[in-house]
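The values are calculated or read from the model by the stated rules, or taken from the named source; none is laboratory data. No experiment lies behind these values; they were computed from the predicted model shown. We place every Cβ from the backbone using ideal geometry, glycine too, and count neighbours over all the protein chains shown. Accessible surface areas use protein heavy atoms only, side chains included; no ligands, DNA or RNA. Shrake-Rupley method; radii C 1.70, N 1.55, O 1.52, S 1.80 Å.
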Amino acid sequence: MLSRMSRTIRPGISRRRALVAGASGVIGAAAALTAQTPPDTTKIPGTGATEIGARSPFEKAKRRPGPGRSTSSTTPLQELHGIITPADLHFERHHAGIPSIDPAHYSLLVHGMVARPTVFTLADLKRFPARSMIRFLECSGNGGRNYRPDPEAHTLSPQQLDGLTSCSEWTGVPLATLLREVGVSPNASWFLAESMDAAVLARSIPMEKGFDDALVAYAQNGEALRPGQGYPVRLFLPGYEGSTNVKWLRRIEVAAAPFMLREETSKYTDPLPDGTARQFSLVMDAKSIVTEPAFPDRLAGAGWREIRGLAWSGRGRIAHVDVSTDGGRSWQRAQLEDPVLPKCHTRFRLPWHWSGGETVIMSRATDETGYAQPTRAELLAVRGPGTQYHFNNIRAWRVAADGTVTLATGAA
Ligand SMILES: Nc1nc2c(c(=O)[nH]1)N[C@H]1C(S)=C(S)[C@@H](COP(=O)(O)O)O[C@H]1N2
Ligand SMILES: [Mo]
């Protein structure tokens, strides 16, 4: 292979001769090279190197199956390997479209109950010690069609059911650094995070989160945030429901109480069976989904295959994932693939022998706090039928005798 390459790049010089020349002196080697005619680059096989990479045209993964403008797109979970979501397949949820923001004119104001109200430019933010963390981001509306009665739910793929979750390496400055910089009052207990998109989306966040692991993020998977993810700066709150991760962040106001905004009163609250509502249900509970086999897969025949899926928890690490291949009668511990990180998608696998009959496959995640993913009946009993968010109940796939796989919402 090497000698073939050297022949291709420098016709007439074998690798052997080049090595000999190298050993006998640099000057001799250079003389030997200049004596040759320059390579004809048009004869190099294949296409040339490119400025920006692109997928193989044989790969068809998409966030949105159809054309047209939409307020959300979903990650094709069943197409991905490992735990990282490519940035251009990270799900999107925009309440009022994607704004175009010139980073040269970007600034973040931090004020309110602070000693030194401050405006930070993007350069200011990048000058602080940086931190990177691999963490998931999930919309709290994800997976609702596995909870409410839905006659079409059996024909949902992992992407269509649960594609509002993704996992990236996020880089930025810890919000705690900025809070110390501005001198937060000891009486402060909440802060407002406000965006500069047309929605002016804003949320109230407990101050403990600000000092814990909140990140003012400017990069994702090694490069600047994508416009859809909040370019140039978003708030990233590991484990918190998606809507609190304010994109296009322009203002943080420190206060002694929550602000009771639209997105935490009329939206993103959970009505309960007793007529009250749960407010500030900020942390995403443990959840998992088998992504292979899943709809629209059709198993080619009986035999061995690998069951694969993802598990995650907003409260910390996944402790274990149990998988049932017999409709919940027995459970086996799946293998967790390294790395198993806190508040991060975790890959699980289990070898499975399908004997060819009808069966139901499901997964149940348990996190390091000991919390286990509930069944649909358990979740319904606590939340009632009217709940709109946080649907982490067990997902089940029915495998028919002909190998077709469909979502079986009532089976778990
Ligand atoms: N400024 C702003 N921030 C926002 C939103 C928005 O519409 N505007 N959507 C929120 C919601 S509901 C979710 S689930 C996440 C989605 O983040 P993503 O689009 O990067 O996946 O961003 C949150 N932050
Ligand atoms: Mo969301």
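Contact map, segment 183-198: first residue on the phi > 0 side of the Ramachandran plot, second residue modelled with pLDDT of 95 or more and open to solvent by less than 30 Å² (accessible area, probe 1.4 Å), Cβ cut-off under 6 Å, separation 6 or more or different chains; pairs are Gly183/Val114.
For Leu161, the conditions (1) among the hydrophobic types (A, V, I, L, M, F, W, C); (2) away from ligand 2 (no atom under 16 Å from the Cβ); (3) under 18 Å from the mean Cα position of the chain (by Cα); (4) surrounded by 23 or more Cβ atoms within 10 Å (Cβ to Cβ) are fulfilled apart from (2). Of all the numbered requirements in (1) away from ligand 2 (no atom under 16 Å from the Cβ); (2) out of contact with any strand residue (DSSP E or B) (no Cβ under 6 Å at 6 or more places or on another chain), Gly172 misses one, and that requirement is (2).
Selection over segment 116-144 of residues that are away from ligand 1 (no atom under 16 Å from the Cβ) and of a type outside the set (S, T, N, Q) gives a count of 14.
Matching residues to (1) among the charged types (D, E, K, R); (2) within 20 Å of Trp312 (Cα to Cα):
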site	(1), (2)
Thr177	no, no
Arg180	yes, no
Leu192	no, no
Pro206	no, no
Phe211	no, no
Leu215	no, yes
Asn221	no, yes
Tyr231	no, no
Leu237	no, yes
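For segment 211-249, how many residues meet the condition of being open to solvent by less than 10 Å² (accessible area, probe 1.4 Å), within 16 Å of ligand 2 (Cβ to nearest atom) and part of a loop (DSSP other than H, G, I, E, B)? Looking only at that region, the number is 8. For beta carbons closer than 6 Å, sequence separation of 6+ or different chains, a first residue in segment 96-118 that is touching a residue at least 12 places away in the same chain (Cβ under 8 Å) and a second that is part of a loop (DSSP other than H, G, I, E, B) and open to solvent by 60 Å² or more (accessible area, probe 1.4 Å), the qualifying pairs are Ala96/Ala198; His111/Pro117. Take the residues of segment 83-134 that are of a type in the set (D, E, K, R) and more than 16 Å from ligand 2 (Cβ to nearest atom): which is most open to solvent (accessible area, probe 1.4 Å)? Result: Arg127. Of all residues in segment 217-229, how many are in contact (Cβ under 8 Å) with a residue 24 or more places away in the chain and near ligand 1 (Cβ under 9 Å from one of its atoms)? Selection size over segment 217-229: 4.
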